[in-house]
Ligand code: OAD
C-alpha cells in the first residue's frame, strides 16, 4: 500500500509518538492472536479457565502446562518485519514510547528499547504470594515453588481481573498526554485500559493512525486507517519517512 502523504508528514514532524501494539503485530511471526475466528486462542480456550488467579489456584499444574506450551511456541519464532520497523522508527524520531499488550518479548528481540509491557512477560516467574520476580525457581517442576518463601510461582503475566503494573500505567498516561502521533498496531482495542489510550491521545490533540487488516472499535475515530498487515505496512511507512 502507499502511505498517505499526511501520515508521512505527521510522522516526520512528530516530537513524540505513542505506539500501542497487540497480538496482531506478532501474528506474522506465527504467534496466535486471541480473538480472531478459527485461530484466536480465546476461540479455542476459555480465558476464565486459564487466565485468572482463581483458575491458577484451582489447578496450578494445568495453568503451568498452558504457559509452558506458550513459552515453547514463542521461543521457536522470530520477530517479523513489523517488529524491526518499530525498532527503526524509534531511531528516526526524537521521542517514542512503545507500549505492548504482548507478553512474547518479540519487540525487545527486534531491538526496541524501553518497551512498556502492559500485560507482563511470558518468560518471567513471579511469586504468587509476594509478587516478586524469581529467576532461580525450579522451572522443570509441574508447579514450581518460590525458593524464598516456598509459595507457588506463577507466570509473570497480567490475568483477567488483575491490575496493570502501576509504572506501565503511569508511563502510558504521560505518553498519551504528550504525543503528537498515536499509532495503534495489531490490536482489537477491546481490552481496557489499553483500549482507552487512543481516545486519551486524541483529546490531547494527537493524530490517530491505525494499522490492522480488519477494522476495530477504534477505526471510526482514527484520522488515518492503514488497512493491512503490520509486517507489510510498517516497513512501507519507514521507507516513506526515510526517503528524501
Ligand atoms: P486480539 O486477538 O483481540 O486482536 C488481534 C488484532 O490483530 C485483531 O484486530 C486483528 O485484526 C489484528 N491482526 C491480525 N493479523 C494482523 C497482522 N498481520 N498485522 C496487524 N494486525 C493484525 O489481540 P489484542 O488486541 O492484543 O490480554 O488483545 C488484547 C489482550 O487480550 C491481550 O493482551 C490478552 C488478551 O486477553 C491478556 O492476556 C491480559
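Bear in mind these aren't lab numbers, they're just calculated from the coordinates by the rules spelled out. This is a predicted model, so every value here is computed, not measured. So basically every Cβ, Gly included, is an ideal-geometry build from the backbone, and we count neighbours across all protein chains shown.
Key figures for this structure:
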| read-out | value |
| --- | --- |
| Percent of C-alpha pairs per 10 Å bin, region 1-95, short to long | 13, 31, 27, 19, 9, 1 |
| Two-decimal Rg to Rh for region 176-228 - Kirkwood Rh, Cα set | 0.93 |
| Against the rule of thumb 2.2 N^0.38 Å, how large the Cα Rg of region 138-201 comes out | 1.59 |
| Compactness of the chain, expressed as Rg and Dmax over alpha-carbon positions, Å | 18.4, 60 |
| For region 97-206, alpha-carbon Rg over 2.2 N^0.38 Å | 1.23 |
| Acute angle (nearest 10 degrees) that the helix 60-76 long axis makes with the longest principal axis of the chain, alpha-carbon atoms | 40 |
| For region 24-165, the spread of Cα positions along each principal axis, largest first, Å | 47, 37, 27 |
| Fraction of the pair-distance distribution of region 83-139 above 17 Å, Cα-Cα pairs, percent | 47 |
| Value in Å of the Kirkwood radius, where region 7-51 supplies the Cα pairs that are averaged | 13.0 |
| Protection proxy ranking, peptides 82-91, 166-175, average beta carbon neighbours within 10 Å, highest first | 82-91, 166-175 |
| Tail fraction, Cα-Cα pairs, region 145-244, threshold 17 Å, whole percent | 62 |
| Relative packing of peptides 15-21, 182-188 - highest average C-beta neighbours within 10 Å first | 182-188, 15-21 |
| Using alpha-carbon coordinates, inclination of helix 230-242 to the longest axis of the chain, degrees | 40 |
| Mean ellipticity per residue at 222 nm, deg cm²/dmol - from DSSP H runs of n ≥ 4 across the chain, formula -39500 (n - 2.57) | -10500 deg cm²/dmol |
| Ordering of 48-58, 96-106 by packing [mean C-beta count within 10 Å, highest first] | 96-106, 48-58 |
